[in-house]
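Derivation of every value follows stated rules applied to the coordinates shown; laboratory data play no part. Keep in mind the model is a prediction, meaning the values are calculated, not measured. Because the Cβ atoms are built from the backbone with ideal geometry, glycine has one as well, and the counts that use them run over all protein chains shown.
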Amino acid sequence: MRPVLSGQFAKVAILGPGLLGGSIALALKQRPGPALRLWTRRAETLPRLRDRGFSAGEITSSLAEAGRGADLIILCSPVGAMPGLIAGLVSEHALAPGAIVTDVGSVKARVVSELTPMVAAAGAVFIGSHPMAGSEQGGIAHARPDLFERATCLLTPLLETPSAALERLEAFWRELGLQVRRLAPGTHDEALARVSHLPHAVAAALTLAALGPRPEDGALCGNGLRDTTRIAKGGTAMWSEILLENRDALLGPLRNLNGILGDLLVFLENRDQEGLAGFLREARELREQLDRPL
């Protein structure tokens with residue numbers, strides 16, 4: 001058992017304890033460390049949190065109660081809801097000067113540009129975070145304390161981000177088992193468009209192409225189709241928001257994919273075995289790089 005750096009934060013507020021927020025909370029409960037407060041907008045979620053071992057003193061549907069006194073606030077809500085949460089904390093005087101606010105969202109440029117001045121006006125600091133962990137299953141029922149082990153967390157500070165706050169937040173994520181990297185917000189969105197958002201869009205499109213004409217043929221499929229389309233089972237509301245939020249960065253990779261599929265069509269139409277073999281060889285070599293130690 002690895003303790004959280006108890007001197008880093010005295011109270012951590014998690015706003016939106018679904019898969020990621022709930023997993024952060026479960027990981028913190030396994031370690032001696034900061035006091036926890038989990039906020040959920042929906043009262044019906046409170047019993048589910050109790051079922052996962054959180055006490056009545058750790059959960060609340062009051063935003064002010066969750067935020068007040070917290071020196072680290074983690075936004076685990078949909079990206080579109082984050083400005084409203086910050087505005088609510090500020091109006092309730094529940095965002096303490098000197099506190100650090102972060103998030104777990106998959107898109108960063110707009111989040112950072114909107115939230116940084118809102119948080120700074122209250123004397124606190126916003127730093128974007130993106131823990132690269134999760135699954136196609138969402139909600140507190142699927143949260144687990146080891147979700148972040150050996151995963152990567154991308155932090156998206158600005159040039160003016162205070163170095164002391166950034167170092168504290170990096171230490172927090174490392175203590176949960178994550179490797180931490182820093183990226184500019186726009187660079188983050190461009191990279192994630194290719195390596196995260198494009199694969200999800202393609203998995204959905206592949207599912208429609210493979211099973212749409214005859215859904216009953218799914219009974220004939222092997223692991224190839226199951227493996228390549230697994231992430232298409234992700235939440236539709238969350239993923240439609242992500243794809244639209246990162247639309248500008250995603251359009252280029254989608255157009256590039258169209259070109260690559262066009263090349264494949266030409267190879268097949270021309271019965272070009274040499275071209276097809278080169279196409280498959282290049283893809284295999286690139287894919288094998290993912291299996292090499294970082």
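If you line up the long axis of helix 236-245 against the longest principal axis of the chain, both from Cα atoms, how many degrees apart are they, to the nearest 10? Helix 236-245 sits roughly 90 degrees off the main axis of the chain. For the chain, leaving out every one of the trypsin sites (Lys or Arg not before Pro) that falls in a DSSP loop and has at most 10 other Cβ atoms within 10 Å, the longest unbroken run is 151-270. Which residue, ALA25, ALA204, ALA193, tops the fluctuation ranking in a GNM of the chain built on C-alpha contacts under 10 Å? Greatest mean-square fluctuation among the candidates belongs to ALA204. For the chain, modelled as a GNM with alpha-carbon contacts under 10 angstrom, which of GLY278, GLY98, GLY16 fluctuates the most? Looking only at GLY278, GLY98, GLY16, the largest GNM fluctuation is found for GLY278.
In straight-distance terms, cross-link reach from LYS11 covers every one of the aspartates and glutamates whose alpha-carbon lies under 13 Å from its own, apart from those fewer than eight places away in the same chain; here that gives GLU58, GLU65, ASP71. When the Cα gyration tensor is reduced to axis lengths a ≥ b ≥ c, the ratio a/c is 1.5 or higher for the stretch 188-289, and with a/b not above b/c it is classed as oblate. Each pair of Cα atoms in the stretch 243-294 enters the Kirkwood radius, and Stokes-Einstein at 4 °C and 1.567 mPa s then converts it into a translational diffusion coefficient of 100 µm²/s. Taking 0.36 nm per residue of separation and subtracting the Cα-Cα distance, full extension of the segment from GLN179 to LEU211 would add 7.7 nm. When the P(r) is computed for the stretch 118-185, the part past 21 Å accounts for 33% of the Cα-Cα pairs.
Applying 1/(1 + (r/R0)^6) with R0 = 41 Å to the Cβ-Cβ distance of ASN258 and GLU149, what FRET efficiency is obtained, to the nearest 0.05? Between ASN258 and GLU149 the formula returns 0.65. Dividing the convex hull volume of the alpha carbon atoms of the stretch 11-183 by its residue count gives 104 Å³ per residue. Let's test the formula: R0 of 25 Å, r as the Cβ-Cβ distance of THR236 and ARG50. What FRET efficiency results, to the nearest 0.05? Rounded to the nearest 0.05, the efficiency is 0.35. The label-point distance for SER163 and ALA64, in a model that sets each label 7 Å from Cα toward Cβ, rounds to 4.0 nm.
Of all DSSP bridge pairs formed entirely within the chain, close to 20 percent run antiparallel. Straightening the chain between ASP248 and VAL90 buys 53.8 nm, computed as 0.36 nm per residue apart minus the Cα-Cα spacing. Among HIS130, HIS93, HIS200, determine the one that fluctuates most according to a GNM of the chain built with springs between C-alpha atoms less than 10 Å apart. Maximum fluctuation in the GNM of the chain, among the listed residues, is at HIS93. Within the chain, the longest segment free of exposed loop sites, counting GluC sites (Glu not before Pro) that fall outside DSSP classes H, G, I, E and B and have at most 16 other Cβ atoms within 10 Å, spans 161-294. Helical content alone sets the calculated 222 nm signal of the chain at -14000 deg cm²/dmol, taking -39,500 (n - 2.57) per DSSP H segment of four or more residues and averaging over every residue. Here ALA219 and ALA10 are evaluated by their C-beta separation; at R0 = 45 Å the FRET efficiency comes out at 0.25.
The Stokes-Einstein estimate for the chain, based on a Kirkwood radius over Cα pairs and taken at 37 °C with 0.692 mPa s viscosity, is a diffusion coefficient of 158 µm²/s.
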